[in-house]
Amino acid sequence: MATSTLRAVILAVLVVLGVIGLTKLFPQNSSLGVTGPGPTSTVSQSPSSRPPSSPTPSPSRKPKVKGVVVLVLNGTTTKGLAAEVSRTLSSAGYKLKVPGNAKAARRTTIYYRADSLPEAQAILRRWFPDALLKAAPNSVPADVRVEVVLGADFAASP
C-alpha cells in the first residue's frame, strides 16, 4: 500500500515538473493552454508612425455598448446611408454623433481609439464583417471612440 502511494506522489511531482518545463520551453504555445510571459522587447516608434492597420489580437475584455460614442460617415453616393446606419447602431444601444459625409471610399473602414478595439471588433463582426479595421487617425474627433466610414462595398451589399 505504501509503495503505490509513493508511486502516485512521484508521478504527481513528475507531472508538475513536466508542466513547468513545458511553460519554460514553450512560453507562448497556446495549443497547450499554458502561456508564460511574453517577449520583453521594446519597439520605439517615431511620432508620425501608426499602429498596424489590421490588428490580430482578440480583445481582452468584453466589448461595451452603453456610452460608446460612434460616428458614421458616408463615403458613398447613396444619400442618407450614414443616417440609416446611425439609426441601426443607436437602436442597438450605442451613442451616435450626427452622421456626416466622407470622401469617396471603396471599402468600409472602422477606425477605433486604442482603448476601444473590443467595441470596434464587435461592431465589425455584427454589421460590417468585410470592413477594414484600423487605428483612428488624428482626423477622428477626440470624443469619438469608433468611426465607421461607409464604402461602396457596403452600399452595393444586399
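The values are calculated or read from the model by the stated rules, or taken from the named source; none is laboratory data. None of the values given here were measured: they were computed from a predicted structure. Cβ atoms come from the backbone with ideal geometry, glycine included; neighbour counts cover every protein chain shown. The area values use the complete protein model at the heavy-atom level, side chains included, leaving out ligands, DNA and RNA. Shrake-Rupley method; radii C 1.70, N 1.55, O 1.52, S 1.80 Å.
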Point to revise | Long-range HN-HN contacts of LEU96 with modeled amide H, under 5 Å | key: VAL70
Exercise for review: Tally the DSSP beta bridges in region 93-158 and give the antiparallel ones as a percent, rounded to 5.
Suggested key: 50
Check your understanding: When Lys and Arg each count +1 and Asp and Glu each count -1, what net charge do the other residues less than 9 Å away from ASP153, Cβ to Cβ, add up to?
Key -> +1
Review point. Excluding same-chain residues fewer than 8 positions from LYS97, which lysines have a Cα within less than 19 Å of its Cα?
Key: LYS64, LYS66, LYS79
Review point. Just by accessible area at a 1.4 angstrom probe, what is the order of PHE128, PHE154 from largest to smallest?
Key: PHE154, PHE128
Practice item. Starting with the highest mean, order 136-144, 75-83 by the number of other Cβ atoms within 10 Å, averaged over the residues of each peptide. Key: 75-83, 136-144
Exercise for review: May I ask for the net charge around LEU73, where only other residues with Cβ less than 11 Å from the Cβ of LEU73 are counted and Lys, Arg are +1 while Asp, Glu are -1?
Suggested key: +1
Review point. Going from most exposed to least, what order do ARG107, ARG7, ARG145 have by accessible area with a 1.4 Å probe?
Key: ARG7, ARG107, ARG145
Exercise for review: Kindly state, to the nearest 0.05, the FRET efficiency for LYS97 paired with SER60, given R0 = 30 Å and r defined as their beta-carbon distance.
Suggested key: 0.65
Review point. How much of LEU11 can a 1.4 Å solvent probe reach, expressed as accessible area in Å² and rounded to 10?
Key: 110
